[in-house]
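Input: a single structure, listed below in structure tokens.
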Amino acid sequence: MALIIFLFKVADLEIGNTISDVFDESQEQTTQLIVDDSTILLCTKVIFRGINLWSNNVPIQNGTANFVARGKKPHRFNFNLATMLLPDDKIRMEFYTVTVKRKHKKMIAIYELILESLMDSKYIYLSQENLSDSNNYIIKSTVQLKIYYITPSIDKERIALGETETVNLVDSIDWISSLDDEARHGGHRHRHRHINSKGERRLKKLHVKFVGHTDDADSDSLSDSAFNVNQNSNETSLPLTEDEKIKVQYHNLELLEKSLGRYDGDAYQMIQWQIMVNIIQGRNFAGVDINPYVCVQIGYQKRYTGVHKCTNSPFFGDVHHAKKIISTFTDTNPIGVFKVDVATVYNEKDQAFERKWAQLVNPDSIKAPCGHLLVSVGITQRGFSTKNILGESTQEDDELKPSKEFIPAFMPRRLFPVQLKMTFFTATELPEMMTDFLATVSKKILAADGWEPVDPYVEVTYNAIQATTEYRNGTSPVWGEALYLIGQFPPLVRTIKVSLKDHATVQQDRTITSFLIDLFSISESNPLAGFLPTFGPTWMFLYGSSREYTINKDHDGLGEGMGEGVCYRGRLLMEIECHPISGEHASNMNVQKESGIQFPESYIFPMKRTFILFGCIYDVTMIDKAFGNAIICFELSIGSSGYLNTNQLATHQSVSSVTRPYPRIPIDNNARHFRLPIDLQKPIIFTKYIFHDYSYRMTLSNRLKHAANDMLKLIRDFEFNVNSKVSDEILIQKYQKLEEYIHTLPCGCNELKPTSNNLGVTETVHPSLSEVLTFSKSNNRMNTLDEKRRTRILHNLESLKIWISKACDFDEVKRYEIVKELYKIARTLRQLSIDVQPSLPDVFLWMICNSKRVAYVRLQPEDLLFSACQGERGVYNGRVQTLFLQTPRTSDKPIKSSTNAKIQIYLWLGTEEQELNIFKQLPTGFDMPPLPLTNDTKYIRYNGRSLYELRCHCYKARSLIASDETGFSDPYLSITAGNETQTTPILKESLCPQWNITLVFRNLIHVGSRETAEEIIGNVVVECYDYDELISIATWPEF
């Protein structure tokens, strides 16, 4: 193993030799530099794991120290590794100046990089990374590096090819072509790419064909010619040509992808981000004889530039780092304001806006411009390289033109002021915010029978402004208030935070719950199908910590959105309207209020129905021993229905939403986990919930989810053929299947085989998705956003059809680019399925130990919904699925490495009229219980069982974590299938173990038919442990 660092050059140094003719860039070789006693040289020291390596001394010529030798090879630092890279490993580079006369070295800059991302990518190319001074302030100087991580698997592959030295690998690289062909060596591609490389232009040649200009399709700027074409196409009445139509549709897809967001990680995981803001210069500030300075505020953090005396167009050139304060002093009233949220910056290419003119507006009048500010903003995650936002100043940067405005790419560049009206009518089913003792005492003191221990009010945060309603007493308060906020459309600040808080007379107000509304999800900025933000009136379901009030504040962060809500906490009826305004004398810092708004008419809501949520538990295993020797039961709830408080949990024998208690018993050959003795009697739990029938929202989402899943299957088949290097004819046939599917988007009923699970619907062919969207749905009582959502989806589907029907080049180099674009289409379908207006509350399944909730799983209601149409049915409806329970945690708490519990459960959600279909989809072989279901029905009994055999072939593992002080581990595998666990032999002191053993599970119990065996037995869980520490170092929840 080895870590190899290649140093190319250090540029933009403030010092250097004054000889101008020592280096000619047009010549192939450098001219011999005449070194005298005053020549300034630069050397570099690289520090990794306590080892120091030095470079040779290189002269600084015109502010640049070039470390590339005559053989066109950079300077190499080679670190031989005894162990694998760790997430906390980092390199530190120190740069020193030295003269021939004076041998003393002086450190002028440093650079540090966390190598966590190198563990997966094996390669990083850093074209321009800013250095820091000794005080960790960012400076203008940059360094160019390439870093390689040679793993044991790569070493063995090279030995098999007859190469014995790692040096041969790096020496054989053509460094000139590697600069153009970023990250192709070894098949690795790094996410931070060299934008101006020739390889990039070759890979984007297909994009240029349809876009019509040479800019990258995902760049943060458009050329002025492209901007003019876009504006004219919307203003002229002449018909568009085919090329222009394709270009417009391509822009629509890019806008759609950007509006959906690019972050794919865990939304509740705490991640360290670094935000850099470079304030370059200002222009045409309002006022006479002013002394301007700039304040940058992110959350509660503020950074300031220096004050410039008597100027309306100052030049700053300051960089604001998230950890350094340049200066602090008393704030004055702002003369101009520009606001943008972090999500807008993150969604840009390379997560940065580089040298863009931000339009400042008067705080007292959003329509009154008061100058421009040239800024660069970048955001990066810990462990990844930072985008260089300190580009050299050129004359072009000083030009104010549309392509240089601080507006996201592919968005209309004509922002106009709007007024948001947020109306809050009422809330219901809110929890009490006092303990039972304090509530009883308070009622006696107040002597009021109608008083309830909660005084809720609504707080809205948008565009750095907070506004609140009046507080009302009770768990079902009525406000009838509207808050008026000023903003711009399309929005640069896209997130509205709505918090429900409890007013406290003495203590600090406590948050009941909060949620976010993305303006991009309730509006459309595309002129062809655009509409201003609109929402409701509809009910928003609220989630957070447990409904029971506790003094302990460990889980308060769940209500603030700092973790997944683990319990239903009520619902809120609200509405959002938006209207364009002139903007004159409209302050974007103040909030207006209106009260006395009447409750919406009942006819605008769909009729109410009774929904049944049903569950049948087939097996519960892998219960963590940390829960103790407890009596275990399960609770199934939707909204307030089925949820029991602490006092009710003690007497739940006649409650249908809770199973009877079970004692835990050990799993064979597993000392860490237990199981429940569920044999032929399978416990059932169910509850009923009455609410408005918004099934049309859920069925539309399910059609899109099924389309995304089917599209992924076709794409994987296409990718398999690409990897198999089949002929172009076969690829064209596979691609035509993808194209045909996007053009039809069938429901899937005609592809099913007649079984008991599909209820004999094979003879019915339902309308395609496009036909469903065009049908009149007046009887569903849709609100404005429901109708606009259908129009937007239909428009985006037409864009997808045009995009996938384009002429494709199946050249071997471009095939993977086609696969990448196809995955983007599948992701778009998945994101379009998200409806910001919920239809029903989320479903919660809790495991209860000794009357205490310990682990849970949260499910979307549309995923469990029953429908006669296969495409409209939920993806988890009517089949046994494997669920892994998790414990409640806030974002600042680590994820538990071990499994809490694994449960095999059948879930079903539908209306009361569809109750008979519950048992038609269950695995056969049970005695039918009487209908309708009653509280006394606690289980269904199967008549027999079958035994199955499962064989697990365990081969080897690679790159495990070192858990011992020796730098190695003693790994072994623990494999659980059904109610049995088996382990492999323990291999001492190995990070790449090779077992080559077969484990046989001979007595896996199964009830039902042969077709449902895989569902009933469930997933195979493979865990890898270190024998000494007995700590899980890798867990795969599915196999």
Could you check, for segment 864-877, whether at least one of its residues is modelled with pLDDT of 95 or more, outside any loop (DSSP other than H, G, I, E, B), within 25 Å of His692 (Cβ to Cβ) and open to solvent by less than 20 Å² (accessible area, probe 1.4 Å)? yes
Pairs please, first residue from segment 259-283 and among the basic types (Lys, Arg), second anywhere and part of a strand (DSSP E or B) and modelled with pLDDT of 65 or more, Cβ atoms under 7 Å, 6+ apart in sequence or on different chains. Arg283/Gly371; Arg283/His372
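For segment 623-638, which positions are closer than 30 Å to Phe691 by Cβ and not hydrophobic (A, V, I, L, M, F, W, C)?
Glu635, Ser637
Out of everything in segment 46-71 that is in a strand (DSSP E or B) and closer than 12 Å to Val98 by Cβ, what residue ends up being most open to solvent (accessible area, probe 1.4 Å)? Reasoning before the result, please.
Of all residues in segment 46-71, those in a strand (DSSP E or B) come to 46-48, 51-54, 58-61, 64-66.
This time we only want the ones that are closer than 12 Å to Val98 by Cβ, so: 54, 58-60, 65.
On the way: Trp54: 114, Val58: 11, Pro59: 29, Ile60: 0, Ala65: 0 Å².
Ranking the candidates gives Trp54 first.
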Name the residues in segment 825-853 that are modelled with pLDDT of 90 or more, surrounded by fewer than 18 Cβ atoms within 10 Å (Cβ to Cβ) and of a type in the set (Lys, Arg), would you? Arg830, Lys852
Cβ-Cβ distance below 9 Å, separation of 6 or more or different chains: which pairs start in segment 673-691 with a residue that is free of Cβ contacts under 8 Å to residues at least 12 places away in the same chain and end on one that is open to solvent by 10 Å² or more (accessible area, probe 1.4 Å)? Asp679/Arg945; Asp679/Ile1005
Out of segment 522-537, which residues are crowded, with 21+ Cβ neighbours inside 10 Å and either free of Cβ contacts under 8 Å to residues at least 12 places away in the same chain or in contact with a helix residue (DSSP H, G or I) (Cβ under 8 Å, 6 or more places away or on another chain) (or both)? Ile522, Glu524, Asn526, Pro533, Phe535, Gly536
Can you name every residue in segment 941-961 that is touching a strand residue (DSSP E or B) at 6+ places or on another chain (Cβ under 9 Å) and more than 30 Å from Leu680 (Cβ to Cβ)? His953, Cys954, Tyr955, Lys956, Ala957, Leu960, Ile961
Is one or more of the residues making up segment 337-353 open to solvent by less than 30 Å² (accessible area, probe 1.4 Å), of a type outside the set (Val, Ile, Thr), more than 30 Å from Leu118 (Cβ to Cβ) and at pLDDT 85 or above? yes
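Return the residue satisfying two criteria in turn: it lies in segment 791-814 and is among the hydrophobic types (A, V, I, L, M, F, W, C) and either touching a Gly at 6+ places or on another chain (Cβ under 7 Å) or within 29 Å of Glu524 (Cα to Cα) (or both), and of such residues it is surrounded by the fewest Cβ atoms within 10 Å (Cβ to Cβ). Break it down into steps so the answer makes sense when it comes.
Looking only at segment 791-814, we keep the residues that are among the hydrophobic types (A, V, I, L, M, F, W, C), and these are 793-794, 797, 800, 802-804, 807-808, 810, 813.
This time we only want the ones that are either touching a Gly at 6+ places or on another chain (Cβ under 7 Å) or within 29 Å of Glu524 (Cα to Cα) (or both), so: 793-794, 797, 800, 802-804, 807.
Details: Ile793: 21, Leu794: 15, Leu797: 22, Leu800: 22, Ile802: 19, Trp803: 19, Ile804: 19, Ala807: 7.
The selected residue is Ala807.
Given the options Thr937, Thr1012, name the one that is over 22 Å from Thr83 (Cα atoms) and assigned to a loop (DSSP other than H, G, I, E, B).
Details: Thr1012 fails: assigned to a loop (DSSP other than H, G, I, E, B).
Every option except Thr937 fails the conditions.
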Within segment 944-959, count every residue that is of a type in the set (A, V, I, L, M) and either open to solvent by 60 Å² or more (accessible area, probe 1.4 Å) or outside any strand (DSSP E or B) (or both). 2
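Does Ile631 satisfy the criteria of being over 29 Å from Leu542 (Cα atoms), open to solvent by 10 Å² or more (accessible area, probe 1.4 Å) and touching a Cys at 6+ places or on another chain (Cβ under 9 Å)?
Details: over 29 Å from Leu542 (Cα atoms): yes; open to solvent by 10 Å² or more (accessible area, probe 1.4 Å): yes; touching a Cys at 6+ places or on another chain (Cβ under 9 Å): yes.
So Ile631 passes the test.
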Filtering segment 327-336 down to residues that are open to solvent by less than 70 Å² (accessible area, probe 1.4 Å) and at pLDDT below 85, which residue is farthest from Ala464 (Cα to Cα)? Ser327
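The values are calculated or read from the model by the stated rules, or taken from the named source; none is laboratory data. What you see is a predicted model, and the numbers here were worked out from it, not measured in a lab. Cβ coordinates were reconstructed from backbone atoms using ideal geometry, including for glycine residues, and neighbour counts include every protein chain displayed. Calculation scope for accessible area: heavy atoms of the full protein, side chains included, ligands and nucleic acids excluded. Shrake-Rupley method; radii C 1.70, N 1.55, O 1.52, S 1.80 Å.
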